[in-house]
Amino acid sequence: MEFRSPEFKTRAVHALHDANLQKALSNTKAGFVVKRAKAAEEMPEFEALRDTAAEIKNHVLANLDHYLEKYEAAVTAAGGHVHYATDAEDARRIILGICKKANAKRITKGKSMVSEEMSLNEALIGEGYEVVETDLGEYIIQLADEPPSHIIAPAIHKTKDQVADLFAAAHNKPRKTDRAELVAEAREVLREKYFTAEVGITGGNFLVAETGSSVIVTNEGNGDLTQTLAKVHIVTSGIERVIPSLDDLSVFLRILARSATGQETESYTTFSTGPRREGDIDGPEEYHVVLLDNGRSKMLGSRFQDMLRCIRCGACMNHCPVYGSIGGHAYGWVYPGPMGSVLTPLIKGMDGTYDLPNACTLNGRCKSVCPVRIPLPDLLREIRHNQFRQDMTPKRQKQALKLWRYVAERPKLYHFAERIGVRILASMANGKGKLRSLPFDPGWTGARDLPAPTGRTFLELWQAKRGDK
Amino acid sequence: MSSRDTIFKAIRQGLGRGPLDDAARKQLDARIANPPQHIRATVDDADLVARFAQRFESRSGTTERIASLADVPAAVAALAESYAIAPSAVVGTALGELAWPEGWQIDHGAATIDVMLGVSLAWRGIAETGSILMLSGPDRPITHNFVPETHVVVLPVEHIVRHYEDCWVALRERGQGAPRAMNFISGPSRTGDVEQTIELGAHGPRRMHVLILG
């Protein structure tokens, strides 16, 4: 998908003033956040499972080459094909080749964020293929010609009325307003697509080295219809998604749905291992897996290796106050929210992604809910360090930081400056306890008041209190 | 250099080492063959069948107890009648020869777009989450699980296990590796993609009924 991260600030401002988006975002809190908390609370082993999941991922990353070889051998033994792609262009070339060989006209797709990384839809459509997203959320935004705004709930920014308008325009049917009717209409329209597509593309949540299986986790069953009814099934996944055994997988099955949607389990966990076998009367005739690197191998051994544990559950964005205010589109690329603010600069480069790690309050909620314990705030801070080292920090900010450092390293001067500052602010507030606007930073008070000090610094108050004793 | 070689080189470079030696490989292979037993969810219910039914029903599935395989056609017919479904179904041959009531049309082939009812044999039921495990095979077409609007699954009680991991033990004992497709199914198809409100029957079955056998 198109890279719009450089426009983060403008897009964030638009998002804050988009009434429909704000209405849609307000649903998230009551939904995912509350449900996840309940699911975690109901499972006494949840915290220990998170530790185990992180350990398994660390073990895989330290031995990634071996597990990939094992996985590849198992897929090949089952009659499937594994393709490696160094970057998005490489991946597009491979997939276009498979589609061409299959004489495809129509391609159905289950949800795949990796395919968004590849800008796959644009490439396929450009070559004349009809591409149909089948996950209901993905289908909605495909009709709206928009990218996903959340990694597991791509159309989270759309209201029911907007969906009704999109369907009425696309389906040539009377406009439905009932939610169940809308879902039924999409079901009917997409059903025919599944049965007539030559190629079905899905993602891969996990790749099991033991069996050579790709695993997807869905609620709708669209991924299953996509991959079962097409002649050719293509799985797109990242090289880091391999895990050793089915027993290791069980750990992730217990934490993924709980972290993502707060469900004990989703409706479907589907394992695919190669093409149809001898005697089978259904299933794809060809099975391909395209494994994308796209900057992942570079994270190995770096300070960002922990990011490769990510299982794409979306919990970090569900709990992020910044994401909760501006939604996913403002971030301008495939992955929004905290995990995206780490991944986008690492995959797309530091140019044009400056604002992402800085649009974070370091409140730590993302880290506290991450099922594989990725220290997201630390990684975001690390990227800020890199920006500073590479001299990307704006000049004014740098000067201000230098000045602050100079003062902060001199306690006497610091306290003196503090005493002056506090008294000035107190007199400006004129006893009201708050300031409506700041002379040097009107932006800060644009939408809120600054609580004003009462006239003495904390240290003065503390000393006075101790003196009273 | 091929993309594969480039990626493997980059991985090893990142990890700061060359290819693993034989001893290390052997150790990792042993870990796959004999996977560590990780922490599981506590399932201390004495009655696994009751737990299975309770969990499965918590996600809008329905269950019914039957005594023998011969009871399947009557149970399916009663369900079809209550939902006004025509007497026609796709049925996997894994269920064997069943005596269907007069007027029923039974097809053992892959499900086509107009099929409204599918009847399948589950391979395992998992009490932990109230999920069933389906395996694919010539006698268990996978389309039966996803295409029909109503899916009836026959689950023998002796195949209800405690945890996911018990399925893996059974699968390894079966000794044919993984089948082409395996599905954990935990209830009817659902979506929350319109304003995070759950609707059933997104693409897969709108209705799921498990006949617990035995």
Can you tell me which residue among B:Phe184, B:Phe146 is of a type in the set (Phe, Trp, Tyr) and either more than 10 Å from chain A (Cβ to nearest Cβ) or over 16 Å from B:Arg124 (Cβ atoms) (or both)? B:Phe146
Suppose the filter is open to solvent by 20 Å² or more (accessible area, probe 1.4 Å), within 19 Å of A:Gly328 (Cβ to Cβ) and modelled with pLDDT under 95; does A:Ile156 pass it? no
Tell me which residues, restricted to region A:31-68, are at the interface with chain B (Cβ under 8 Å from one of its Cβ atoms) and either open to solvent by 50 Å² or more (accessible area, probe 1.4 Å) or among the acidic types (Asp, Glu) (or both). A:Pro44, A:Glu45, A:Asp65
When you go through (1) under 30 Å from A:Ala77 (Cα atoms); (2) assigned to a helix (DSSP H, G or I); (3) open to solvent by less than 10 Å² (accessible area, probe 1.4 Å) one by one for A:Val289, which number turns out not to apply? (2)
If we only count strands (runs of 3 or more DSSP E) wholly inside region B:72-190, which ones have 1 or more residues that are open to solvent by 10 Å² or more (accessible area, probe 1.4 Å)? B:88-91, B:105-107, B:117-121, B:124-126, B:150-156
Of the criteria (1) more than 8 Å from chain A (Cβ to nearest Cβ); (2) part of a loop (DSSP other than H, G, I, E, B), which one B:Asp5 fails: (2)
Just to be sure before I move on: is A:Tyr139 within 23 Å of A:Cys313 (Cα to Cα), part of a helix (DSSP H, G or I), open to solvent by 10 Å² or more (accessible area, probe 1.4 Å) and facing another protein chain (nearest Cβ under 10 Å) in the structure I sent? yes
Do we have any residue at all in region B:20-39 that's open to solvent by less than 30 Å² (accessible area, probe 1.4 Å), more than 9 Å from chain A (Cβ to nearest Cβ) and not small (Gly, Ala, Ser)? no
Kindly check whether there is at least one residue in region A:431-450 that is part of a helix (DSSP H, G or I) and more than 25 Å from A:Tyr354 (Cβ to Cβ). no
Filtering region B:1-36 down to residues that are of a type in the set (A, V, I, L, M, F, W, C) and under 36 Å from the mean Cα position of the chain (by Cα) yields B:Ile7, B:Phe8, B:Ile11, B:Ala24, B:Leu28, B:Ala30, B:Ile32, B:Ala33
Residues that are away from chain B (no Cβ under 13 Å), outside any helix (DSSP H, G or I), small (Gly, Ala, Ser) and within 26 Å of A:Gly221 (Cα to Cα): does region A:92-103 have at least one? yes
Tell me, please, whether a residue that is part of a helix (DSSP H, G or I) and either under 16 Å from A:Gly200 (Cβ atoms) or more than 13 Å from chain B (Cβ to nearest Cβ) (or both) can be found in region A:150-169. yes
Close pairs from region A:392-420: first open to solvent by less than 70 Å² (accessible area, probe 1.4 Å), partner assigned to a helix (DSSP H, G or I) and not aliphatic (A, V, I, L, M), Cβ under 6 Å, at least 6 apart: A:Thr393/A:Gln387; A:Val407/A:Tyr414; A:Ala408/A:Tyr414
Look at A:Gly110 and say whether it is surrounded by fewer than 18 Cβ atoms within 10 Å (Cβ to Cβ) and either out of contact with any Leu (no Cβ under 8 Å at 6 or more places or on another chain) or more than 14 Å from every other protein chain (Cβ to nearest Cβ) (or both). no
Is it the case that some residue within region A:263-276 is among the charged types (D, E, K, R), open to solvent by 20 Å² or more (accessible area, probe 1.4 Å) and without any contact (Cβ under 8 Å) to a residue 40 or more places away in the chain? yes
Filter result (assigned to a loop (DSSP other than H, G, I, E, B) and charged (D, E, K, R)) within region A:218-275: A:Glu220, A:Lys231, A:Glu264, A:Glu266
Step by step: first the residues of region B:111-143, then only those that are of a type in the set (S, T, N, Q) and closer than 18 Å to A:Glu278 by Cα, then the one that is farthest from the other protein chains (Cβ to nearest Cβ). Which residue is that? B:Ser136
Of the residues that make up region B:41-64, is at least one touching a strand residue (DSSP E or B) at 6+ places or on another chain (Cβ under 8 Å), open to solvent by 60 Å² or more (accessible area, probe 1.4 Å) and among the acidic types (Asp, Glu)? yes
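The values are calculated or read from the model by the stated rules, or taken from the named source; none is laboratory data. Treat the numbers as computed from the prediction; the structure is a model and nothing was measured. Virtual Cβ from ideal backbone geometry, glycine too; neighbours counted across all protein chains shown. SASA here: full protein model, heavy atoms, side chains in, ligands and nucleic acids out. Shrake-Rupley method; radii C 1.70, N 1.55, O 1.52, S 1.80 Å.
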